[in-house]
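Notes follow once the structure below has been shown.
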Amino acid sequence: GIGTTMLLHCDYVVAGEKARFCMPFVNLGLCAEGGSSLLLPRAAGFALASELLLFGDPFDATTALRAGIINKAVPEAQLKEVATERARALASRPAQALKVTKQLIRGPLREQVETTMKREGAEFIQRLHSDEAREALMSFMTRGRK
């Protein structure tokens, strides 16, 4: 859940081809969080974002790539090498140019993301105290024990 939504805030993400992602909030009686209700539709489009958030099914790296959650999927054996190479490539760029460009890319959304995260947080807390969430979480916990 939160691990996947955190990726929406990253500048560049490389994942292994066998990586699995999930945003199971609705299945747990909860709601979207981490700005995902704003950022995912912008990255993935409304239809795919709705599918991923409303159904909460696990999905693979190919779907994460199509959704704009990751930039690249690579074979597991190459993951560290590719991620290190991309990090080194960024580190070799002029630091201030990178900083300004990142601000220009993310800046226009900053206020919207902050507002959305506050709203999601308030709704999430309300959902945590709901009977629906309590039942879903208990069901999830008992499944893990069987």
Scanning segment 20-40 residue by residue, those surrounded by fewer than 18 Cβ atoms within 10 Å (Cβ to Cβ) and out of contact with any Leu (no Cβ under 7 Å at 6 or more places or on another chain) turn out to be Arg20, Cys22, Pro24, Asn27
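Do the conditions hold for Thr4, that is, is it within 14 Å of the chain's Cα centre (by Cα) and more than 28 Å from His129 (Cα to Cα)?
no
Yes/no per residue for (1) open to solvent by less than 100 Å² (accessible area, probe 1.4 Å); (2) at pLDDT 90 or above; (3) out of contact with any helix residue (DSSP H, G or I) (no Cβ under 8 Å at 6 or more places or on another chain):
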{"residue": "Leu104", "(1), (2), (3)": "no, yes, yes"}
{"residue": "Gly107", "(1), (2), (3)": "yes, yes, yes"}
{"residue": "Val113", "(1), (2), (3)": "yes, yes, no"}
{"residue": "Gln126", "(1), (2), (3)": "no, yes, yes"}
{"residue": "His129", "(1), (2), (3)": "no, yes, yes"}
{"residue": "Glu132", "(1), (2), (3)": "no, yes, yes"}
{"residue": "Arg145", "(1), (2), (3)": "no, no, yes"}
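Which is under 30 Å from Glu135 (Cβ atoms), open to solvent by 80 Å² or more (accessible area, probe 1.4 Å), of a type in the set (Phe, Trp, Tyr) and at pLDDT 95 or above, of Phe46, Phe59?
Checking each option against the conditions leaves just Phe46.
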Listed by range, helices (runs of 4 or more DSSP H) wholly within segment 27-91 having at least 2 residues that are over 21 Å from Thr116 (Cβ atoms) and under 14 Å from the mean Cα position of the chain (by Cα) are 61-66
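The values are calculated or read from the model by the stated rules, or taken from the named source; none is laboratory data. Just so it is clear, the structure is predicted and the values come from calculations on it, not from any experiment. Ideal geometry is used to build each Cβ from the backbone, glycine not excepted, and the neighbour counts take in all protein chains shown. Each accessible area value is taken on the protein alone, full model and side chains, heavy atoms only, with ligands, DNA and RNA left out. Shrake-Rupley method; radii C 1.70, N 1.55, O 1.52, S 1.80 Å.
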